[in-house]
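Structure first, then comments.
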Amino acid sequence: MSAPKKRSLWLNMWRRLQRNRRAMVGLGIIVFLVLLAIFAPMIAPYGYDDQNLDDQFLFPSAKHLMGTDNLGRDIFSRVVYGSRMYREMSSSKPIYTIDDFKGVRIRTMENRFHMNFWNSLGASATPINFAELYLSLQQGLVDAQENPIAVVVLNGFYEQQDYVILTDHVLFFIQLVTGLDTYNSMSDAQRAVLHDFIDTASPRIAEGGEAEDAMFTAQAVEKGIEILAPSDQLVADMKDVALGTSAMIAEDVGDDLVESLFSSLEAAAGR
């Protein structure tokens with residue numbers, strides 16, 4: 001009689017994870033977010049910043065799977081695109097040094113943190129409804145705007161802008177959140193499986209985002225946009241200026257949360 005086959009450590013851990021229903025639900029959500037990040041252009045039914053003021057605050061439906069926000073933007077599409085992009089600056093004039101921001105009228109959202117950041121750089125933050133942005137650029141009411149490069153391409157802003165400056169000033173990232181009780185209910189083996197999956201999926205999400213950004217960047221260049229990568233000095237100067245906005249945010253959400261975010265970003269950058 002042959003001896004029973006030994007189960008591998010990973011198989012045992014997987015089977016134990018399967019017995020924890022809440023852990024499996026969390027794992028399923030992570031898988032879903034990974035797939036969204038990679039296949040965003042094929043999945044999202046609307047552009048990231050597409051607005052329709054006639055469709056404000058709609059409940060979930062076949063047309064809008066997660067409903068719409070206060071500007072009529074499709075929440076599902078924003079979740080899909082928001083998992084994998086930076087916001088960049090596009091402008092009718094080049095930006096090489098911190099002094100080049102002075103006097104630039106840049107369209108921003110009506111968000112006091114965003115506005116404070118650009119005003120601190122020396123620009124003039126001008127909140128304008130996204131639906132009016134193209135016309136505002138065309139008529140010279142603003143000189144610049146800030147959005148993912150995909151938005152520049154998909155909305156034809158390249159017809160009114162000459163440069164995209166890779167400021168990377170806002171990072172959209174997937175936030176994996178679980179209740180502390182749920183996490184603590186997992187065994188060490190179950191946590192190991194979960195952490196291993198996240199570590200495996202994270203670089204794939206990054207690869208998908210980089211490929212998508214590269215595609216839209218190439219399309220922007222084809223349309224006549226010049227891509228400007230900030231110098232190390234400009235990046236350092238922008239970081240110094242941004243400290244004032246970080247302090248504003250800390251006043252609202254607390255120093256611990258802001259410091260935790262910066263620590264996490266530094267740890268990720270050092271990998």
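No lab work stands behind these numbers, since they all come straight from the coordinates. Every value quoted in this text rests on a predicted model; they were computed, and no experiment measured them. Please note: Cβ atoms are built from the backbone with ideal geometry, for glycine as well, and neighbour counts cover all protein chains shown.
Structure data summary
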quantity: Hz values of 3J(HN,Hα) by residue in the range 210-220 - Karplus curve (6.51, -1.76, 1.60), Gly and Pro given as x; calculated: 5, 5, 5, 4, 4, 5, 5, 5, 4, 5, 5
quantity: Protection proxy ranking, peptides 150-156, 179-185, 200-206, 106-112, average beta carbon neighbours within 10 Å, highest first; calculated: 150-156, 106-112, 200-206, 179-185
quantity: Debye intensity ratio in log₁₀ form over the Cα atoms of the range 194-256, taken at each q of 0.14, 0.26 Å⁻¹; calculated: -0.84, -0.92
quantity: Fraction of the pair-distance distribution of the range 156-241 above 22 Å, Cα-Cα pairs, percent; calculated: 54
quantity: Cβ-derived FRET efficiency at R0 45 Å, F59 paired with Q219, nearest 0.05; calculated: 0.85
quantity: Surrounding net charge for F101, when Lys and Arg each add one and Asp and Glu each subtract one, Cβ distance under 15 Å; calculated: -2
